1. Look through region 62-86, keep the residues that are touching a residue at least 12 places away in the same chain (Cβ under 8 Å) and in a helix (DSSP H, G or I), and return whichever of them is farthest from Q22 (Cα to Cα).
2. Pick out the one residue from G105, G75 that is surrounded by 12 or more Cβ atoms within 10 Å (Cβ to Cβ), closer than 21 Å to M1 by Cβ and small (G, A, S).
3. Can you say whether T76 is polar (S, T, N, Q) and within 15 Å of the chain's Cα centre (by Cα), as far as the supplied structure shows?
4. What residue, among those in region 92-118 that are without any contact (Cβ under 8 Å) to a residue 60 or more places away in the chain and β-branched (V, I, T), is farthest from S25 (Cα to Cα)?
5. Scanning region 1-22 for residues that are part of a helix (DSSP H, G or I) and in contact with a Leu (Cβ under 9 Å, 6 or more places away or on another chain), which turns out most open to solvent (accessible area, probe 1.4 Å)?
6. Of everything in region 23-47, what is β-branched (V, I, T) and either part of a helix (DSSP H, G or I) or open to solvent by 50 Å² or more (accessible area, probe 1.4 Å) (or both)? Give them in sequence order.
7. Between Y89, Y127, Y59, which is without any contact (Cβ under 8 Å) to a residue 24 or more places away in the chain, hydroxyl-bearing (S, T, Y), surrounded by 15 or more Cβ atoms within 10 Å (Cβ to Cβ) and part of a helix (DSSP H, G or I)?
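The values are calculated or read from the model by the stated rules, or taken from the named source; none is laboratory data. Model, not experiment: these values are computed from the prediction. Every residue, glycine as well, gets a Cβ built from its backbone with ideal geometry; the counts of neighbours run over all protein chains shown. Heads up: the accessible areas ignore ligands, DNA and RNA and are worked out on the full protein's heavy atoms, side chains in. Shrake-Rupley method; radii C 1.70, N 1.55, O 1.52, S 1.80 Å.
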Amino acid sequence: MWIPVQINENSPEPLYHQIETQLRSLIIGGSIAEGTLLPSIREFAGDLKCSVITVRRVYQDLENEGLLRTRQGTGTFVSHVGDGAMETYKQETVRKALESAVDAGLSVQCGEEELIALFTEIVRSKYKKNN
C-alpha cells in the first residue's frame, strides 16, 4: 500500500516528526481505514528514502498512542479508533498547531484581535478553496 506522506528535507522539523504527524492525520481523518495493513518498516523507509530506524520510531509512537497495532509475523495494522477518540485526537492536533501559531504571533507582538482576525481570514480562505 502506498501512503501519501511527503517529506520536506528543508524543514527544520525532524523527519520522524514529519512522517508521524502526516500518518497520524491520515489515520485520524479516515484516509487510512481501520484494519489496513501498512507497509513493512523496511518497505516504508525505502519508499520515503529514510532510515529504517526513523520509520520504526514512527510506528512505535503511533502504536503507543493506540493508532497502530503490530502482530508478530503478520505486520502493522491501523487500530480501531472510536469516534470519541478520533475527535479527541483531531482536537489535540489542531490545538497544538494553534498554540504554536499563537506563540509565533506573540513573539512578534501581535495583539489578540490581530491574531483572531488573521485566524478568521485564513480559515475562510482555506474553506473557499476546498469548497
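1. Out of the qualifying residues, it is A85.
2. Details: G105 fails: closer than 21 Å to M1 by Cβ.
One residue alone meets the criteria, G75.
3. Numbers: polar (S, T, N, Q): yes; within 15 Å of the chain's Cα centre (by Cα): no.
It is false that T76 is polar (S, T, N, Q) and within 15 Å of the chain's Cα centre (by Cα).
4. Just the residues of region 92-118 that are without any contact (Cβ under 8 Å) to a residue 60 or more places away in the chain, to begin with: 92, 94-118.
Then drop every residue that is not β-branched (V, I, T), which leaves 94, 102, 108, 116.
Working: V94: 10, V102: 21, V108: 29, I116: 25 Å.
My answer is V108.
5. Quick first cut of region 1-22, residues part of a helix (DSSP H, G or I) only: 15-22.
After this cut, where a residue has to be in contact with a Leu (Cβ under 9 Å, 6 or more places away or on another chain) as well, the list is 15, 19-20.
Numbers: L15: 65, I19: 1, E20: 17 Å².
In this case the residue turns out to be L15.
6. Within region 23-47, the first condition is being β-branched (V, I, T), and the residues that meet it are 27-28, 32, 36, 41.
Scanning region 23-47 gives I27, I28, I41.
7. Working: Y89 fails: without any contact (Cβ under 8 Å) to a residue 24 or more places away in the chain; Y127 fails: surrounded by 15 or more Cβ atoms within 10 Å (Cβ to Cβ).
Result of the check over Y89, Y127, Y59: Y59.
So that you can scan it fast, the table gives a plain yes or no per residue for (1) at pLDDT 95 or above; (2) among the charged types (D, E, K, R):
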position: V78; (1), (2): yes, no
position: T88; (1), (2): no, no
position: R95; (1), (2): no, yes
position: L98; (1), (2): no, no
position: A101; (1), (2): no, no
position: V108; (1), (2): yes, no
position: E112; (1), (2): yes, yes
position: L115; (1), (2): yes, no
position: V123; (1), (2): no, no
